[in-house]
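The values are calculated or read from the model by the stated rules, or taken from the named source; none is laboratory data. Here the structure is a predicted model, which is why all the values come from computation and not from measurement. FYI the Cβ positions are ideal-geometry reconstructions off the backbone, even for glycines, and counts take in every protein chain you see. Side chains included, ligands, DNA and RNA excluded: accessible areas come from the protein's heavy atoms. Shrake-Rupley method; radii C 1.70, N 1.55, O 1.52, S 1.80 Å.
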Amino acid sequence: MSRNDAAALAKSAEDHLWMHFTRHGDGVAAPPVIVRGDGAYVWDANGKRYLDGLAGLFAVQVGHGRQELAEAAAKQSRELAYFPLWGTAHPAAIELAERMVVGAPGDLNRVFFTVSGGESVETAWKLAKQYFKLRGKPTKHKVVSRSLAYHGTSAGALSITGLPGAKQDFEPLVPSALKVPNTNFYRAPEHGDDHAAFGRWAADQIAQAIEFEGPDTVAAVFLEPVQNTGGCFPPPPGYFERVREICDRYDVLLVSDEVICAFGRLGFDYGANRYGYRPDMITTAKGMTSGYAPLGAVLISDRIMEPFRDGKATFLHGSTYGGHPVSCAVALANLDIFEREDVYGHVLLNEDAFRSTVERLLDLPIVGDVRGAGFFYGIELVKDKATKETFTPEESERVLRGYLSSALFENGLYCRADDRGEPVVQLSPPLICDQAHFDEMEAILRVALTTAWDKL
Ligand code: PLP
């Protein structure tokens, strides 16, 4: 099979490739085959260009085609392609850990490297459990997370995930993972316009869950700075301040899951810095390397590290490729680009323009809400703006999956139409995008959403 033969590639993918979270089989179109990227754009095997409105999968912060990152990988491969972090260390991991803790909130001075976001979440839960065992509180093992929130697919991370539909085929999962409401203000009519009251209420749901379960049984709370699934729910004012108080009151660890929200997605190194809170751990991945190599990490506070420093206690956890030298070298080169090009500053300077460009779509009858922060927005679709009536399952199937997803793609925009909560379109483009890209996204969305309305 030739790599230049678009039809042969698609046929071979259909025959042999099992794609993630993807329907296969009769009546399902062959997958698009993406062969090349440059800046904010990717090209398929037929030579057609698409604006990458999702940064691959919330990852490609500095855009596609960066030779500098490819060269960093090649250089590290030539020097030391691989060595583990099991009792040995290598310079790329050492340097990266040191650089990552510089701007980290509070006393997060320790980095445990993984390969992916889900593995980082899994690691943080296990670490929370052992931490409390070492501190003489062996029954503290449960975790709290929010409705709809996605935290990964391995058994532990999937238990923390708040999407019943993503879990039911794999139950029973790891027990002891409790769910509380998320911060979807658009769907919280009882709080009127009072964001702060809603934030207090939402935070207090965590306190209530801890009380109901027994504080002596709860180890950690996992929250994203801006929750992705459901369509970008930012924290209401005061929310994280109150969550921090609750965690302190009950001796429960606060884990900020920043697999998406770190490394510039919200215009800051860490999402917790944008909202001014101090987590006990940060889980991250994706944008660390801008997607040029797989890598994840957990940033850990001195307080959690402390009982592991007696010379005998061991965290019996790790993986062959966690902190792979090539990935760490790529991450370092990626951080160099962030600094040199002031990528975070670019996001902060342009986020209002991005938001107001997307908000132009609010003049369409199908667009109920636009929400998010930084370069991370969700557009919620409704059948009736006044009542906020949402799609029926049949309409979601026919209009969202049957039309909108493919229409956006065919019109040259790669983004995500999702109905794991209410139907939303999500935008999370490379952090190098500017007004011309925002306009292009808006124009393609306008055409497709107008037709979607007609089809409802
Ligand atoms: N946590 C969050 C908040 C995520 O958004 C994701 C993936 O999108 C994960 C965890 C899992 O990351 P990965 O797919 O790298 O395992």
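Summary table
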| item | result |
| --- | --- |
| Taking region 75-180 and dividing mean pair separation by its residue count, relative contact order in percent (alpha carbons under 8 Å, at least six apart) | 19 percent |
| Of the DSSP H helices in the chain, those whose Cα atoms cover at least 27 Å axially and whose Kyte score averages -1.0 or more | 195-213, 435-455 |
| Local electrostatic count at PRO181 - Lys and Arg +1, Asp and Glu -1, tallied over other residues with Cβ under 11 Å | +2 |
| Where labels lie 7 Å past Cα in the beta-carbon direction, separation of LYS388 and ASP363 in nm | 2.5 nm |
| Farthest toward positive dipole pole in the chain [+1 Lys/Arg, -1 Asp/Glu at C-beta], among VAL102, VAL343, MET305 | MET305 |
| Cα-Cα over 22 Å, subset of LYS388/LYS455; LYS167/LYS385; LYS137/LYS312; LYS385/LYS455; LYS11/LYS167 | LYS167/LYS385; LYS11/LYS167 |
| For the chain, calculated [θ]222 nm from helices alone, where every DSSP H run of n ≥ 4 adds -39500 (n - 2.57) | -11500 deg cm²/dmol |
| Net dipole in debye of region 68-341 [+1 Lys, Arg Cβ; -1 Asp, Glu Cβ; about Cα centre; nearest 20] | 540 debye |
| Cα centre as origin, Lys/Arg/Asp/Glu Cβ charges: region 341-446 dipole, Debye | 260 debye |
| Residue-count net charge about ASP419 - beta-carbon cut-off 11 Å; Lys, Arg +1, Asp, Glu -1 | -2 |
| Using distinct alpha-carbon pairs, which all enter the 1/r mean, Kirkwood radius of region 170-220 in Å | 12.7 Å |
| Solvent exposure ordering (accessible area, 1.4 Å, most first) of TRP453, TRP18, TRP125 | TRP18, TRP453, TRP125 |
| Leading residue at positive end of dipole, the chain (Cβ point charges), from ALA157, ALA10, ASN184 | ALA157 |
| Anisotropy class of the chain from Cα gyration tensor, a/c 1.5 cut | oblate |
| Positive-end residue, region 68-341 charge dipole about Cα centroid, Cβ charges, pick of SER256, ILE282, SER319 | SER319 |
| Mean-position separation - Cα centroids, region 26-64 and region 406-456, in angstrom | 14 Å |
| Local electrostatic count, TYR344, Cβ distance below 11 Å [Lys/Arg +1, Asp/Glu -1] | -3 |
| Projected label distance in nm at THR217 and THR451, using a 7 Å step from Cα toward the beta-carbon | 5.2 nm |
| Heavy atoms of TYR150 accessible to a 1.4 Å probe, total area in Å² rounded to 10 | 80 Å² |
